[in-house]
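Encoded as structure tokens, the structure appears first; notes follow it.
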Amino acid sequence: ADEQMQESVLAGRGVMFYRLLEAVPYQGIGDEIKLPPSCFTELSDQGAFDKGPMYFQLSVVHQEDSSDMNVTDEENRRTTHSGVLEFTADEGSVSLPPHVWHNLFPAETPKTPLIEVRYVWLPKGTYAKLQPERVGFSDLPNHKAILETSLRQHATLSQLAHALRVLELKPSSSVSVLETDIEVDKIGSDSASERTDQHVLNPLVFGKLESGVVDEGNYMYYKVEVKIEAETDGGDIDLFISRHPLIFPTRHQHEWSSHYIGSKILILSSKDKNLGAGTYSVGVFGFKGTTKYKISVSVQDDYKRKVGQHSASTSSPMEMDSIECRNCKHYIPSRTIALHEAFCSRHNVVCQHAACGIVLRVEEAKNHVHCNKCGQAFQQGEMEKHMKVFHEPLQCPCGIVLEKEQMVQHQASVCPLRLVTCRFCGDVVPAGNSALDVWDRLRGLSEHESLCGSRTAPCDSCGRSVMLKDMDIHQVAVHQKS
């Protein structure tokens, strides 16, 4: 007992704090726990608050009545570290956020889990080696910003297996990440531990044809005119393209889409204002049945087109000596108008739908139909899919219910759960609602950017601490930099 007490004093740099508490979960972020008020008094009496940030070692206590008797002592003594958020927990209990709970209890927990909470001193971290648990982590943009944003919510780092495995730390196996710079190495994912239920982006090479099979209701994703040749055999697919930071496009969250039955060609024109430099993802969605497909990406240009050559020719109504056909309304040379009208009235029919007026062969007219809701024209066999894709109500994760076209616009510019790249931390985060501050809303800042931009940083010119969102104004007003 004396030896354990001495070890505790050394681990806490003169502060000895040890409690057995019942673990209860609470919804929070990061790794900061909640302790009961009595712990505040005990730590304060020993001067722990004067020694800087407080860290605690948390260990699972083996219980004799545990339902899992095959678990080894080492697994029962799973250990992690945390900071403290506040001292408001019920006496005899400690509140753990999801991240800490998962580290201590990765499997089913006993009814009343007990953990050992011990005050410790941790050195500042200088080095970390990380390994993703799945291949798709490399598809995430700006790893540095993602790690910085995530670690900003943590006080400690321990060698544990999580979404990112922490393989090595320096100068010890558990370190503080507060107010320190850490050198990070990231190695490739462990193929033996890859999770098969996670989406990954398969690279598409220009000019190379890739094959695949997709089941109904599932997606296959590719990184990057996109051409799909589908062997339907009773099945059907849809094609979706998004631009990062939206990595995995879905039916109602994408930039471009193609829904026609059969083979599909989706051309992204350079004149499209949404098309710019960046990384693009292609999603192949199994709309119906199991469908084999082939997908390829190519670049088309007009370097072969001769100067003055037109892509199409038209007949002008002002063309000299021409008359409008009474059936198809096209302008026909007067010398052949009689022959044309005789043939046109027997073989062609004009669609009477408002704003359509398309000329159809008589045998094709029975398959030409218009949607009663949006008025678009389709072949009879395409109407069922059109109604399901465009007019079936979709529910956004934020709760709103809209049809497809309105849903795409909502998720692109309004939805608080849409992903945006923060202009201050560089991470890809949910945009949130409109900024509370009126000036921030006028500057077009999202809710996240309004909070993230409130952090201060020293000005490169004068060293004064300035909020990130005011740095550009400070440079103009104080240093006359445009």
Fill in: Residue that is surrounded by the most Cβ atoms within 10 Å (Cβ to Cβ) [pool: residues in region 374-398 that are touching a strand residue (DSSP E or B) at 6+ places or on another chain (Cβ under 8 Å) and not hydrophobic (A, V, I, L, M, F, W, C)]
H386
Discussion item. Report every pair of residues separated by at least 6 positions or lying on different chains whose Cβ atoms are under 9 Å apart, first residue within region 236-251 and open to solvent by 20 Å² or more (accessible area, probe 1.4 Å), second in a loop (DSSP other than H, G, I, E, B) and polar (S, T, N, Q).
Written reply: R243/N274; R243/T279; H244/T279; P245/N142
Discussion item. Could you tell me how many of the residues in region 350-365 are out of contact with any His (no Cβ under 9 Å at 6 or more places or on another chain) and modelled with pLDDT of 80 or more?
Written reply: 1
Practice prompt. Kindly indicate whether any position in region 229-244 is of a type outside the set (V, I, T), in a loop (DSSP other than H, G, I, E, B), touching a Ser or Thr at 6+ places or on another chain (Cβ under 6 Å) and at pLDDT below 80.
Written response: yes
Worksheet entry | Flag if W101 is of a type in the set (F, W, Y), in contact with a helix residue (DSSP H, G or I) (Cβ under 9 Å, 6 or more places away or on another chain) and open to solvent by 20 Å² or more (accessible area, probe 1.4 Å) | no
Fill in: Among residues of region 435-450, those that are of a type outside the set (D, E, K, R) and surrounded by fewer than 18 Cβ atoms within 10 Å (Cβ to Cβ), counted
5
Response to the item:
Apart from one, (1) at pLDDT below 80; (2) in contact with an Asp or Glu (Cβ under 9 Å, 6 or more places away or on another chain); (3) open to solvent by less than 40 Å² (accessible area, probe 1.4 Å); (4) not in a loop (DSSP other than H, G, I, E, B) all hold for G262; the odd one out is (4)
Fill in: Among (1) modelled with pLDDT of 75 or more; (2) among the aromatic types (F, W, Y); (3) in a loop (DSSP other than H, G, I, E, B), the one test that F285 misses
(3)
Discussion item. Need pairs with beta-carbon distance below 8 Å; first residue in a helix (DSSP H, G or I) and within region 466-479, second among the hydroxyl-bearing types (S, T, Y) and surrounded by fewer than 12 Cβ atoms within 10 Å (Cβ to Cβ); sequence gap 6+ or separate chains.
Written reply: Q475/S461; V476/S482; V478/S461; H479/S461
Item to complete: May I ask you to list the residues in region 283-299 that are loosely packed, with under 15 Cβ neighbours inside 10 Å, farther than 19 Å from H259 by Cβ and β-branched (V, I, T)?
Response: V299
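The values are calculated or read from the model by the stated rules, or taken from the named source; none is laboratory data. Keep in mind that what you see is a predicted model, and the values were worked out from it rather than measured. Counting neighbours? That spans all protein chains shown, and the Cβs are built from the backbone with ideal geometry, glycine included. Side chains are part of the model used for accessible areas, which takes the heavy atoms of the whole protein and leaves out ligands, DNA and RNA. Shrake-Rupley method; radii C 1.70, N 1.55, O 1.52, S 1.80 Å.
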